[in-house]
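What follows is calculated from the coordinates using simple rules that are stated; it is not laboratory data. Values in this document were obtained by computation on a predicted structure and should not be read as measured data. FYI the Cβ positions are ideal-geometry reconstructions off the backbone, even for glycines, and counts take in every protein chain you see.
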Amino acid sequence: MIAIVMLALLGFALGLALGVASKRFKVESDPLVEEVSALLPGTNCGQCGFAGCPTAAEKLVKGEASVDFCPPGGKALAEALAEKLGVDFDASGMADGPPKLARINEALCIGCVKCFRECPTDAIVGAPKQIHAVMWNACTGCGKCVDVCPTMCLEMFVPETGLAQWRWPKPVESVAKAA
Amino acid sequence: MKLFRFRGGVHPAEQKTTRQLPIRPLPLPTRLYLPLQMHIGAPAVPVVGVGDQVLKGQLLARAPSAVSAPVHASTSGVIEAIDEFTAPHPSGLPVRTIVLRSDGEDRWSESVVPIDPFRLSPTEIAQRVGEAGIVGMGGAAFPAAVKLQLGDRNRIHTLIINGGECEPYLTCDDRLMQERPEAVIDGVRLMLRALQCQRALIAVEANKPEAQQALRRACKELSEVQVIEVPSRYPMGSEKQMIQTVTGLEVPAGKLAAEIGVMVHNVATSYAVYQALRHGRPLISRIVTVSGGALREPTNLEVPLGTLVEELIKHCGGFKETPARQLLGGPMMGTALPHQQVPIVKGSNGVLALSAAETGLAPHAQPCIRCGRCAQACPIGLLPMELASRARHGKLDAALDLGLLDCIGCGSCSYTCPAAIPLTQYFNFAKGELARQREEQQKGERTRALAQARQLRLEREAEAKRLAAAKRKAEREAKKRAEAAAQQEKV
Amino acid sequence: MNNAGPLASPHTRQSSSVSAIMLQVWLALLPASLFGVWLYGWPALNLLLITTAAALAAEALGQRLAGRPIMPSLKDGSALLTGWILAMTLPPWAPWWVAVIGALFAIIIGKQVFGGLGQNLFNPAMLARVALLIAFPLELTTWVAPQPLFSANAPGFIDSLHITFVGVAPLVGGVDAISGATVLDGIKTELARGAELGVVLPDYYRAGDAMLGQMGGSLGETSALLLLLGGLYLIWRGHITWQIPAALLGTVALLATGFHLYDPLRFAHAGVHLLSGGLMLAAFFIATDPVGSPASRRGQLIFAAGIGALVYIIRTWGGFPEGVAFAVLLMNAATPLIDHYVRPRVYGRDPHGKPLDYQRGRFARRLKKQQGGE
C-alpha cells in the first residue's frame, strides 16, 4: 500500500516538474532551424523548389523535406544533415551525381551580364559587352545562369575525372553463387 | 648493432629468381612516352613543343612548384606529340604525356659537371638533385630534393639507405648493390653532405648476402657509412618499419620521419644522386626487374624512362602462358596494368606477369570468421577486419577512430586472409571516400563564403546606390533652392 | 583479363581458406572423438553422425530462408564443425531427438539468425548445449559408464540403433547399470551430502583414468590427453593462439590450487578441475572459436581468464556441476566490450591513440641514444 502511494506521489511530483519546466524554459524559435540553415550552401539557388535556403531549413526541421533535397550540396550535405537531424539516411544509395560546372560558349556570348548578375557565388566574371568566363573553383553547379542566358551560350558539363579526383571504388560484393 | 623488431609482417614466397642475373641494357625503343607526372606533387610543365629536336638528358618539362619534379629526354629525337596517354596508375586514366620519337643516335646534351661535388654546399647538392628530376625510386616517387632540404630544419642523426627490397620477385636493387656498389656508396656520401648528417646505415635484407658483401667492400674505408643486415620480412622496405627495425624509433602519427631525425632513401635513389652529381646526368633510366611465372625469360633490364611495358616483355621472350595479372611493381603493393601500352616511370621497379597459380587469388570473398590473422599480420597494429567492416558499411568516423589513416596499405592483411576479403581495397575505398567528403565539405564552406561575400557586395552596392541617389536628390534640391533664392532676389 | 574495375593490391595470397582451417580443427578433434566412440560404443557414433547431419541440414535451410547461397556455406565446414563439437559435449547415449533439436538450435538460433558465419555473438554449440540442458535436464545428465566397443557389456550395432532411436531402458538391466556419474557430478553431490572430499574423491577420480578419459562423461570431453594433443597441434599450425588455452587453464588451475590450499576438504585440487568436465575441449576448441573471441592477444587473455574464473565459480558454488557452456556464453557477450577497450597499440601512437611525443619514456631514451650516434 505504502509502495503504491509512494509511486503515485513520485509520478505526480515528476509530472509537475516536467510541466513547470516546459512552461518555464520554453524556447521561442527553434535553434535547430538556424543550425541547419548554417549547413546549407546559402546561395538561395532555388534548385530544391523552396524559396531560398532558410525556408528549406524550416521545411527540413519540420520533416517536410528529405535530407537529400539539395542538389548542389550533394551527398556530403545529405550526410551532414542526416547526422544533425538524427535521421536514418543511407547515403550510399544516393546517386553520387557528378558535380557539374557551367561553361560559356565564347562564340555565342554577347556580354549581357545577365548571368553575371544571377550567379549566387559571383563565379562569373566579365563586364558589359565583354565575353564572360566562369571561374570553376567558385562555381557550385546550380545552373541558374543557364536559365537566364538569352543566347543559350551557357551549358552545364560534367568535368572529366583526372588522377587527382579518382577514387578507389568499393569492392564488388559478389555473392558467391552455388558453384 | 642492435636491431628492433616491428610487429606483424608476413613471409611471402621470395621468388627472387633473377637475383643472379646481371643487369642488361634494353635496346633503345623507337618511341618513349614520358608522363608529365611521374612523381608525387604538381605535374611538370612542358618547355618544348611538338616537332622540337631534343638531345638526351635535355629538359622537357620543368617543375612548376617546390613539390614536383622535372622531366628530361631519355634519348635524343623529336617531340612527336604532347597528349593524353594511359598512366601507370590503377585507374588506367590518361595523363598528359610527352611522346618522344628516338632518332637512334642517343646523343647527350651538354651539361655542366662539377669537378668535385663535395665542394658544393648542402643546398646546392639538394638543388642539383631536384634539377635532375630525382624522386624516391622505391615506388613512392616523392621528390628527393624536398626530403634532402629537410636537413636544414631538422637535425638528421641517421640517414637510412633502404636496401630492403622486401617485395617478392624484385631484384633490381639487389643487382644494383651487387654490380655498382661504389656508385651507390658515393651517392650515399653526397646525400650525407646534403643533409649535414654524420651517419648512414645501409640496411639490406638477410636474403641478399652478395649485395651486403659488395657494399661492405666498397665502404670499408668509410667510418660514416655502415652496412647492416636486417631480417627478411615483408614489409621491411616500408619506411616506417625500416626506421623501427634499425633505430627502434617510431615515426609519430601524422609526422615526418625527419622530425625524429631520421631520413630514409632508396639505394636506387642514391645511385641516381651519384649519376646526377658526378656525371651531370638527370634521371632518365632505371633498372627494372622483369619477372613472373608467366614470362619466358625473367631478367633485370636497364630501361630508358618512358619505354612501354610491351617492349620489356617482348625483349624477355614474351609469355609462356597467359598471365593472370600483369603488374608494375611488386605483387604486394604494385599496380595492376590494364594493358601493356603503359610506360615505365621513375618509380617502376618491376614488371611482373604472374600466372594464376602464383596469384592464388580466389574469385569470391567468403564471410569473415574473425580468425585474427589480419590483425596478427598488420605491421601497424590495426584490426583490419574491424576496419574493413566499418568501411564496408560506410562508417567512416568509426574507421578513422580505428586508425584508417595509420594504414600504410602494405597488403599484409589481404595476403593472409583465408576468406580472401579484399581488405586493402576496402581501406583504399574508405580513404578515398574520406578525401572526397573533405573536399565536398571544403567546397560547401567555400560556396557559403562566396554567397555571403556576394550578399555583402549587393548590400554595399545598394547602399552606394541609395547614397548616390540621396546625394543627387540633395544636389537637385539645393539647386532648386538656389534658383528659387535667385528668383526671389530678382524679384 | 578481368575487367571488373581496377584491381587492388596485393596481387598474391597465402594459400589458405576458411574450409582448410575448419578441416584442420576437425582433424585435431578426431582423436578425442574416435576415442569417445570407442569408449561408449555405437550409440556415440550414431549421435555424432546425427548431430552433424542435422547441423548441415539446418545450415542449408537457414541459408535458403535467408536467400543466401547454400553450397559455399556448406562447403566452408563451419556447420559441420558446430554439429561435431555439439555432439562431443552431449551425453554419449543421448537420444536422436536431442541431437536434432540441439543442432537445429545451434545453427538456426545460434548462427543463422545473426546473419550466418562470422556474425554470431555466441558460440552456437554452447548456446545449444545450454538450451538443451535447460529444456531436457534428464537426458542431458544421464551418463553412461565406459563400455568400450566389442567389450562384453557393450551394445551391438543393432542395439545401438535401439538406444538412439527408441530408448535405453528395455535393453539393459536397470538404469544403474548404465549410469556412471561424472567426476564433477559426484563431487557436487557428495559435498552437498556433507561428505569430506578427501574421503569420497578416490571413488570418482583417478588421475590416470581422467588423463586418458576412462570415465563417464560427455562423448568427446573425457580424454584430456587427446584433446590436449589436438590443441597443441592447432597451436603449432597457427590455427589458434596459445593465449586462450593458457589463460583459461591457468586461471582455473590457479583458483583451484589457491582454494585447495585454503581448505583441502572442501575444494578439489587443480588436477580434478583440469582433467574433468568440458574444460580441455573448451580451452582448445570452443573458447578459441575466433567468431566469439576478442581480436587482440591481450583481449584474448582477459576473455579466457574470465571464462576460467567463471567455470571455477560455477563448478564450486553454482547450481550446476559443470559451467563451461555458461562461462563461454557470458564471456562471448563481453567480447565486443573487450574489443572496444583492448586494442593493440598502433605504430607511432601511444596506448591512448595520441601521436607519440618524444619527451619522455623509452622512445625518448632511444632517440637520445640515436642522436648520440651510438
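So how strong a dipole does the stretch A:31-92 carry about its Cα centre when Lys and Arg Cβ are +1 and Asp and Glu Cβ are -1, to the nearest 20 debye? Kindly include the intermediate steps, with their values, before the conclusion.
Details: 4 positive and 9 negative charges, 38 e Å.
In total the dipole reaches around 180 debye.
Using the rule -39500 (n - 2.57) for each DSSP H run of four or more residues, divided by the residues of chain A, the 222 nm mean residue ellipticity is -11000 deg cm²/dmol. The calculated 222 nm mean residue ellipticity attributable to helices in chain B amounts to -11500 deg cm²/dmol, summing -39500 (n - 2.57) over DSSP H runs of n ≥ 4 and dividing by all residues.
P(r) tail, the protein assembly as shown: Cα-Cα pairs separated by more than 54 Å, 37% of all pairs. Rounded to whole numbers, the Karplus 3J(HN,Hα) couplings from phi for the stretch B:58-65 are 6, 5, 9, 8, 9, 7, x, 9 Hz, using 6.51 cos²θ - 1.76 cosθ + 1.60 with θ = phi - 60°, and x at Gly and Pro. Among the listed pairs A:Lys100/A:Lys129; B:Lys16/B:Lys314; B:Lys255/C:Lys368, those with a Cα-Cα distance over 23 Å are A:Lys100/A:Lys129.
Proximity of backbone amide H atoms, modeled 1.01 Å from N, is registered between A:Trp168 and B:Gly432 at under 5 Å, excluding neighbours fewer than 5 places apart on the same chain. Compared with the rule-of-thumb size 2.2 N^0.38 Å for a compact globular protein, the stretch A:31-92 has a Cα radius of gyration ratio of 0.97.
Go through B:73-79, C:238-244, C:315-321 and give me the packing order, highest mean Cβ count within 10 Å leading.
Details: B:73-79: 23.4, C:238-244: 21.0, C:315-321: 15.9.
Top to bottom by mean Cβ count within 10 Å: B:73-79, C:238-244, C:315-321.
Treating each Cα of chain C as one equal point scatterer and applying the Debye formula with no solvent, the log10 of I(q)/I(0) at q = 0.10, 0.11 Å⁻¹ comes out as -0.68, -0.79.
Among C:Ser15, C:Ser293, the ranking by other beta carbons within 10 Å of each residue's beta carbon, starting with the fewest, stands as C:Ser15, C:Ser293. Modelled this way, with points 7 Å down the Cα-to-C-beta line, the labels at C:Leu138 and A:Val5 are 5.2 nm from one another. Principal axis analysis of the Cα atoms in chain A yields extents of 91, 61, 24 Å, listed in decreasing size. Treating r as the C-beta distance of C:Asp357 and A:Asp88 and R0 as 45 Å, the FRET efficiency rounds to 0.65. When both the stretch B:213-255 and the stretch B:123-173 are represented by their alpha-carbon centers, they are found 14 Å apart. Its residues counted as N, the stretch B:156-198 yields a C-alpha radius of gyration over 2.2 N^0.38 Å of 1.31. Note on B:Leu150 and A:Glu118: with the Förster distance fixed at 41 Å, the Cβ-Cβ geometry gives a FRET efficiency of about 0.25. Give me the angle, in degrees from 0 to 90, between the Cα long axis of helix B:122-131 and the longest principal axis of the Cα atoms of chain B, rounded to the nearest 10. Long axis of B:122-131 versus the principal axis of chain B: about 90 degrees.
Rounded to two decimals, the Cα radius of gyration of the stretch B:102-193 over 2.2 N^0.38 Å is 1.25.
Kirkwood hydrodynamic radius for the stretch C:214-297: how many Å is it when counted over pairs of different Cα atoms? Result for the stretch C:214-297, one decimal place: 13.6 Å. Counting only residues at least eight positions apart within a chain, or on another chain, the aspartates and glutamates with an alpha carbon under 14 Å from that of A:Lys170 are A:Asp96, B:Glu433.
The string of couplings for the stretch B:466-471 from the Karplus curve (6.51, -1.76, 1.60, θ = phi - 60°) is 4, 4, 4, 4, 4, 5 Hz, one whole number per residue in order, with x for Gly and Pro.
A cysteine counts as unpartnered when no other cysteine's C-beta lies under 4.7 Å of its own; in chain B this applies to B:Cys166, B:Cys172, B:Cys197, B:Cys219, B:Cys316, B:Cys368, B:Cys371, B:Cys378, B:Cys407, B:Cys410, B:Cys417.
How big is the gap, in Å, between the Cα center of the stretch A:1-78 and the Cα center of the stretch C:203-274? First find each Cα centre; the distance between them is then 60 Å.
Among A:127-135, B:274-282, C:346-354, what's the highest-first ranking by average C-beta atoms within 10 angstrom per residue? Intermediate results must be reported in sequence, preceding the final value.
On the way: A:127-135: 14.0, B:274-282: 21.0, C:346-354: 15.7.
Put in order of decreasing packing, that is B:274-282, C:346-354, A:127-135.
The alpha-carbon of B:Lys471 sits under 18 angstrom from the alpha-carbons of these lysines, leaving out residues fewer than 8 places away in its chain: B:Lys479, B:Lys480. Its Cα gyration tensor gives chain B an equivalent ellipsoid; the semi-axes, largest first and in whole Å, are 51, 31, 25.
Relative to the longest principal axis of the Cα atoms of chain C, the long axis of helix C:224-236 lies at roughly 20 degrees. Shape annotation for the stretch C:61-146: C-alpha extents along the principal axes are 43, 22, 19 Å, from largest to smallest. At q = 0.20 Å⁻¹ the log10 of I(q)/I(0) for the stretch B:365-466 amounts to -0.92, computed by Debye summation with a single uniform scatterer per C-alpha, solvent ignored. Look at the stretch B:450-456: the mean tally of other chain Cβ atoms within 10 Å of its residues' Cβ atoms is 6. Across C:Gly216, C:Gly250, C:Gly231, mean-square fluctuation computed from a Gaussian network of chain C (C-alpha pairs under 10 Å connected) peaks at C:Gly250.
3J(HN,Hα) along the stretch C:143-153: 9, 10, 6, x, 9, x, 3, 6, 7, 4, 7 Hz, from the Karplus curve 6.51 cos²θ - 1.76 cosθ + 1.60 with θ = phi - 60°, whole Hz, x for Gly and Pro.
Once every Cα of the stretch C:1-76 carries one equal point scatterer and solvent is ignored, give the base-10 log of I(q)/I(0) from the Debye formula at q = 0.11, 0.17, 0.18, 0.22 Å⁻¹, two decimals. With no solvent term, the Cα-only Debye profile gives -0.51, -0.89, -0.94, -1.07. Backbone amide hydrogens, once placed in the peptide plane, bring C:Tyr358 within less than 5 Å of nothing, excluding anything fewer than 5 places away on its chain. Only aspartates and glutamates eight or more places from B:Lys147 in sequence, or on another chain, were considered; those with a Cα closer than 15 Å are B:Glu124, B:Glu131, B:Glu239, B:Glu259. All distinct Cα pairs of the stretch C:18-180 go into the 1/r average, and the inverse of that average, the Kirkwood radius, is 16.2 Å.
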